[in-house]
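The values are calculated or read from the model by the stated rules, or taken from the named source; none is laboratory data. Quick caveat: nothing in here was measured; it's all calculated off a predicted structure. All Cβ positions, glycine included, derive from the backbone under ideal geometry; neighbour counts span all protein chains shown.
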Amino acid sequence: MEYETSNNTHPHPHPHYPGNPTPNSLSVQTGSSNANTNLAINGSVEIPQSRVTVLRGHESEVFICAWNPTHDLLASGSGDSTARIWNLQGTREPEIVLRHCIRRGDTQVPSNKDVTSLDWNPSGTQLATGSYDGYARIWSSDGNLVSTLGQHKGPIFALKWNKKGNFILSAGVDRTTIIWDANSGHCEQQFSFHTAPALDVDWQSDTTFASCSTDQKIHVCRLGELRAVKTFHGHQNEVNAIKWDPQGRLLASCSDDMTLKIWSMSKETPVHNLQAHNKEIYTIKWSPTGPGTMNPNATLLLASASFDSTVRLWDVERGVCQNILVKHSEPVYSVAFSPDGRLLATGSFDKAIYIWDIARGEIVHSYRGTGGIFEVCWNSRGTRVGASASDGT
């Protein structure tokens, strides 16, 4: 997988689907994570078309989608150089198109670059987007461009708001990570510790974060500190994703070296080195369960999604694989826990979306789309799953 910047080629951090059909839509599955609705619909786990909303508009792959934390607004980012905000609150309003433009002379022209990262602020009033044109942007929920954040030299691969909502963190091909002041749009601090493209970032607190890279390293950095607070070594290939647990105590990382590692700030070596997948691990997600969450009495789990077509659920405290979810037939690119931690949505390039009952390890809902699935996400109430795909669905 490669993309081009100027005369250089680099590994492509997000997948491209060969031979795309004409992209024209994005699908949303409606359901519920409440225990009494985890039953098959009319005797079948297949979600009927009557409970699927198809959102047409994008003209290329839809790489990412994210629900607004307070309203049923779904944001999506695409290879057509736009992000879109879809209103699913029962009204028939047209989608809001966020066109990513760059200045040429005195005019604004489409950047023609992929929009591959986006994140809502905690209050749901603003959306941040990251693009291959090298700019991060902040938009109001009604579609107005608030700020353009220009400091990266090349594509942006990831960006995240902190919980306080005053800073945005971004990672790019230029090997740097940047903390931005969300109010002024200014670069607060740029961190240049990686020796290769930075692929992912995640906040531990409002001023401390971790970053990972194709250089196989993980750095923990803090605003105001001129050196990394901690550096974790151990992966033997590029590190694709990192995630702090709900308490910010443990950091999980996954890699093309087929391992999943759990790190603690109090140790130099991994707390657990989890080896079970037999192909690259693309992404990981912590469950919203255990101490410090809304579901404190449930076990904290970690889900890992791999190119080996499986998803594994790990009991991290014990360092063991609790369950293997086997149904997909192609690489799994996305997993998402329901807000109550009882269900897990998975999306694969086999075009299928499965919703699993975690306790039973069984599929309770399924839907087959028309393109490979890049991303799945739950709304805040656990009543809907959004999905984005290679054919624009």
Of the residues in the range 340-360, those that are in contact with a Ser or Thr (Cβ under 8 Å, 6 or more places away or on another chain) and either without any contact (Cβ under 8 Å) to a residue 24 or more places away in the chain or among the basic types (K, R) (or both) come to R342, K351
Reported set for the range 177-228 where residues are of a type in the set (D, E, K, R), in a loop (DSSP other than H, G, I, E, B) and crowded, with 18+ Cβ neighbours inside 10 Å is D215, K217
Per the filter on the range 198-216, residues in contact with a Leu (Cβ under 7 Å, 6 or more places away or on another chain) and not aromatic (F, W, Y) are V201, T207, A210, C212, S213, T214
Output for Cβ contacts, cut-off 6 Å, separation at least six or different chains, first residue part of a strand (DSSP E or B) in the range 361-380, second of a type in the set (S, T, N, Q), reads V364/N38; Y367/Q29; I373/S348; F374/S388; E375/S334; E375/S388; V376/S334; W378/S338
Turns out the strands (runs of 3 or more DSSP E) fully within the range 59-115 with at least 1 residues that are in contact with a strand residue (DSSP E or B) (Cβ under 9 Å, 6 or more places away or on another chain), within 17 Å of I156 (Cβ to Cβ) and among the small types (G, A, S) are 62-67, 73-78, 82-87
Selection over the range 256-275 where residues are over 14 Å from C321 (Cβ atoms) and over 22 Å from the mean Cα position of the chain (by Cα) yields a count of 8
Within the range 254-284, residues being part of a strand (DSSP E or B) and farther than 17 Å from Y333 by Cβ number 9
>> One residue is enough: does the range 318-331 have a residue meeting the conditions surrounded by 20 or more Cβ atoms within 10 Å (Cβ to Cβ), of a type in the set (S, T, Y), modelled with pLDDT of 95 or more and on the phi < 0 side of the Ramachandran plot?
In response: no
Checking S334, S388, S348, S380 in turn, the sole residue that is surrounded by fewer than 17 Cβ atoms within 10 Å (Cβ to Cβ) and either under 30 Å from E59 (Cβ atoms) or at pLDDT below 95 (or both) turns out to be S380
Condition set among the polar types (S, T, N, Q) and not in a loop (DSSP other than H, G, I, E, B), scope the range 321-340, selection nearest to W356 (Cα to Cα): answer is N323
Practice task
Would you confirm whether any residue within the range 121-139 is under 19 Å from R56 (Cβ atoms) and not hydrophobic (A, V, I, L, M, F, W, C)?
Solution key: no
